[in-house]
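Working notes, beginning with the structure itself.
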Amino acid sequence: MLDSETGSLLQIELNTISASFPGLGSLVSELHRTLINQYGKLFCLDSKRIPGNAASSRFAEALARAWHEFNVDSAVIMMIVQPEERNMYDQYWLAKHLKESHGITTIRKTLSEVEAEGHVLPDGTLIIDGRTVSLVYFRAGYTPNDYPSEAEWNARLLIEQSSAVKCPSISYHLVGTKKIQQELAKPNILERFLENKEQIAKICKCFAGLWSLDDEEIVKSAIQNPELFVLKPQREGGGNNIYGLDVRETLIKLQKEGGDALAAYILMQRIFPKASLANLVRGGACHEALTISELGIYGAYLRNKDKVLMNDQSGYLMRTKVSSSDEGGVAAGFAVLDSLYLTDK
Ligand code: ADP
Ligand code: MG
């Protein structure tokens, strides 16, 4: 988010599992460009100022690269989806790219289907419905709701123990937790992973304030000024963060509980982006509202043992929501897909 006070882009978080909308997000940028081509003159808008967004083809390219690395021609890519998946068109768009541009077949399975239909051969090969799976791409499995019984946990373990490429593996999944991001923002931690001082400084500039709750001073100031903080549990998928007066109430409650209660959360500086007037279309109806926007940069990282094969940006996601809403998810119903429009200033 663009912090209105400092004018700098501050990072909300890093997602390592189920980053959605590469498919529909790039289509929306194309739609906006087409609309501006047709009607832009009326509004003095130029379609070339919307940067190209190749998220869907770049995602497909990264998945295909991993499929090639696995090196079994008959193998499929398995997308793990929720039983009542609502975001399937975004996912189908990736599967289409994989088939049409790379000749790779994608199958879709829920975790409970994997438990029922899958097994791992002694050499580690993951087999589903008699087919070898080269890569497991998770578009589910990030919320406790995705694990209603032991069956789903068994499926996750089966996948993890197999030799299939995982997007992500358990360890990369954990890197995306709020706690790890808070630890990464501590002084001298990035130095463990990066050598280039300039790069480290650039990354640090994007970090908002992040604190562990064993810092008594910060807990005290969050109780005093809760509107300046966001309290975050180790959850994904939106709707779980705590804002405003609830921050104070929850912190006091957690302090009373004692033990490890506070350790389940982190505190983050609340970012206040500048609001602007926009037209949002949802369910076919257009609403004018004061809005704030959030830019996401996709990345693809592929490693085979010590060899890093890919570490690239893969397009962007622009989301816009009414400024009064705390949460930002599109599928969760808080935001709409949007595009960047570059100006001279
Ligand atoms: P999740 O992983 O559940 O999506 P996030 O940490 O990404 O949780 O937060 C969800 C949304 O809440 C973000 O997309 C953003 O709109 C809003 N949000 C999160 N952290 C902050 C913050 N520090 N300041 C302002 N808004 C925030
Ligand atoms: Mg997240």
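The values are calculated or read from the model by the stated rules, or taken from the named source; none is laboratory data. No experiment lies behind these values; they were computed from the predicted model shown. Reconstructed Cβ throughout: ideal geometry from the backbone, glycine too, with neighbour counts over all protein chains shown.
If you go through segment 298-339 and keep only what is on the phi > 0 side of the Ramachandran plot and either touching a helix residue (DSSP H, G or I) at 6+ places or on another chain (Cβ under 8 Å) or surrounded by 15 or more Cβ atoms within 10 Å (Cβ to Cβ) (or both), you end up with just G315. Among residues of segment 328-345 that are more than 14 Å from S26 (Cα to Cα), those with a Cβ under 9 angstrom from a residue that is of a type in the set (F, W, Y) and at pLDDT below 90, sequence gap 6+ or separate chain, pair up as G328/F334. Among the residues of segment 145-182, those that are within 16 Å of ligand 2 (Cβ to nearest atom) and either closer than 22 Å to V72 by Cβ or touching a Cys at 6+ places or on another chain (Cβ under 7 Å) (or both) comprise C167, P168. Considered as a group, the residues in segment 77-114 that are farther than 20 Å from V28 by Cβ and touching a residue at least 60 places away in the same chain (Cβ under 8 Å) include one that is surrounded by the fewest Cβ atoms within 10 Å (Cβ to Cβ), and that residue is Q82.
Mind listing whichever residues of segment 290-345 are away from ligand 1 (no atom under 15 Å from the Cβ) and small (G, A, S)? The answer is G299, A300, S314, G315, S339.
Would you confirm whether any residue within segment 259-278 is exposed (fewer than 14 other Cβ atoms within 10 Å of the Cβ), without any contact (Cβ under 8 Å) to a residue 40 or more places away in the chain, within 16 Å of ligand 1 (Cβ to nearest atom) and part of a strand (DSSP E or B)? Yes. Working only within segment 223-258, note down all residues that are away from ligand 2 (no atom under 16 Å from the Cβ) and β-branched (V, I, T). Answer for segment 223-258, where residues must be away from ligand 2 (no atom under 16 Å from the Cβ) and β-branched (V, I, T): I223, V247, T250, I252.
If you go through segment 214-258 and keep only what is in a loop (DSSP other than H, G, I, E, B) and either farther than 18 Å from K178 by Cα or within 14 Å of ligand 1 (Cβ to nearest atom) (or both), you end up with N225, Q234, R235, E236, G237, G238, G239, N240, N241, Y243, G244, G258.
Cβ-Cβ distances below 9 Å connect the following pairs, each with a first residue in segment 1-27 that is under 21 Å from Q234 (Cβ atoms) and in contact (Cβ under 8 Å) with a residue 24 or more places away in the chain, a second residue that is among the basic types (K, R) and within 13 Å of ligand 1 (Cβ to nearest atom), and a separation of six or more residues or different chains: E13/K178; E13/K232. Applying a threshold of 8 Å to beta carbon distances and a minimum spacing of six or more residues, or different chains, the list of pairs starting in segment 145-156 at a residue that is touching a residue at least 40 places away in the same chain (Cβ under 8 Å) and ending at one that is among the aromatic types (F, W, Y) and surrounded by 12 or more Cβ atoms within 10 Å (Cβ to Cβ) reads R156/Y147. Per this entry, Y243 is counted among residues that are in contact with an Asp or Glu (Cβ under 6 Å, 6 or more places away or on another chain), modelled with pLDDT of 95 or more and not β-branched (V, I, T).
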